[in-house]
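So the structure is just underneath, and the comments pick up after that.
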Amino acid sequence: MPSGGGPFEDLMRNLARLLTSQGPINWEIARQMAQWAATAGEPERNVDPAVRIRIEELLRVAELHVAEATGMPVSSGGLLTARSVTPREWALGTLDDWKPLLEKLATTMTAVLPLGPEDAGEVLGGLGGGFGGGTGGPAGTGGFDPMAQLFGNLPQVLGPFLFGMQAGTMVGQLGFRAMGLYDLPMPRPARDELVLVPATIDAFASDWSLAPDDVRLWVCLRETANNAVLGRPHVRSRLDRLIGEYVSAFQPNPQSLEERLTGFDPTDLASLQEALGDPETLLGELQNDTQRRLQVPLRSLLAVVVGYVDHIMDNVGRRLIGSYIPLTEALRRRRLEESSGTRILGQLFGVALDESSYERGQDFVRGIVERAGDEGLSRLWRSERELPTPAELDAPGLWLARIDLPDD
């Protein structure tokens with residue numbers, strides 16, 4: 001990690017410009033923070049063209065076998081393509097993909113931001129005399145102090161500034177370790193392109209003394225299977241609605257932000273980073289009773305998605321990858337060892353799954369196969385009517401019985 005203030009030096013150098021934003025999130029700050037967190041401030045190497053070509057070849061293999069195993073199209077239209085990117089590029093692309101959801105989250109949070117004009121004055125009172133109480137320039141000069149005016153408008157600028165920093169940091173932390181689009185099991189905009197991060201994939205292979213092509217093919221299989229399921233319009237629509245309802249139900253604790261801001265010195269970069277750089281600054285209580293209720297159907301559906309993808313992976317991967325068993329154990333263990341960005345984003349969107357959720361999904365899929373074989377399992381994603389309910393997740397026989405009932 002390089003020395004110095006990192007992205008905060010750049011932020012402070014251009015603070016007046018960066019604190020000007022339209023909308024609930026300052027996206028310029030979000031992009032800067034995402035790039036920094038995804039790269040740890042280090043320069044990135046471009047993806048080797050030979051690796052790009054090899055991943056495209058492996059994707060063709062994965063596409064063929066996953067389509068055969070699922071009986072579903074693995075893309076929204078034509079052939080899948082693979083775009084090999086750096087962690088920085090992954091993070092920036094993910095910010096774009098999740099922009100509507102992040103803005104909905106920021107709007108929900110801003111609605112309870114405890115900073116009216118009187119609150120801003122109280123906070124600014126702890127910042128010292130350098131800001132002149134938010135009016136005019138330094139005493140006796142009669143000059144214009146842009147920083148004073150800027151912080152005098154704290155209620156209008158602080159929310160987008162904070163959410164830009166925090167959204168970028170969280171997505172960047174996720175990008176630092178992401179291998180593909182679906183490291184978090186969330187729908188993405190419909191596309192015929194999978195985005196993979198060869199540097200992270202190959203680093204994992206090296207760390208575990210595994211053949212790079214084995215890990216690359218495993219990731220291609222996982223991404224293709226996820227795209228086949230999450231790309232189904234009715235599945236994406238259901239998940240988008242459930243995640244949106246969960247995010248809109250946040251009731252953050254306004255005292256958390258107030259306590260963070262009161263008395264910090266904005267001329268001290270370390271103080272600024274400590275006060276504003278924590279993604280949990282605005283969250284307070286991470287989940288309320290309404291969200292706990294909303295999360296039941298959301299987590300149940302996601303558990304079925306990951307259980308089904310694991311089943312397809314086991315069926316296909318064992319035949320194609322010599323080191324499939326140890327590789328799968330290592331990668332599934334990695335799935336449960338979340339970074340802070342992954343953990344907090346999972347909580348914010350309601351998609352965080354623990355080990356018991358993965359096991360419930362796997363048990364549900366196993367129960368279907370035991371009772372009705374792969375033919376019965378193929379009915380899982382046909383339409384919204386076939387999507388399991390939370391009660392059916394623990395009773396696959398009930399799901400089979402229900403979908404065999406005639407439509408009303």
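Readers should treat all values here as calculations from the given coordinates under stated rules, not as data from a laboratory. These numbers come from a predicted model, not from an experiment. So basically every Cβ, Gly included, is an ideal-geometry build from the backbone, and we count neighbours across all protein chains shown.
A compact table of results
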read-out	value
Shape call, segment 312-408: gyration tensor on alpha carbons, a/c limit 1.5	oblate
Exposure proxy order (Cβ contacts within 10 Å, fewest to most) of ILE25, ILE344	ILE344, ILE25
Fewest-first sequence of ILE325, ILE312 by Cβ atoms within 10 Å of each Cβ	ILE325, ILE312
Cα shape, segment 342-387, gyration tensor, a/c 1.5 rule	oblate
Modelled FRET efficiency - R0 35 Å, ARG292 with HIS234, Cβ distances, 0.05 increments	0.85
Whole-Hz ³J(HN,Hα) from phi, Karplus 6.51 cos²θ - 1.76 cosθ + 1.60, for segment 27-41, glycine and proline x	6, 5, 5, 4, 5, 4, 5, 5, 5, 5, 5, 6, 10, 6, x
For ARG83, distant residues with modelled amide H under 5 Å away	LEU194, VAL195, LEU196
Least to most buried among MET72, MET313 (fewest other Cβ within 10 Å first)	MET72, MET313
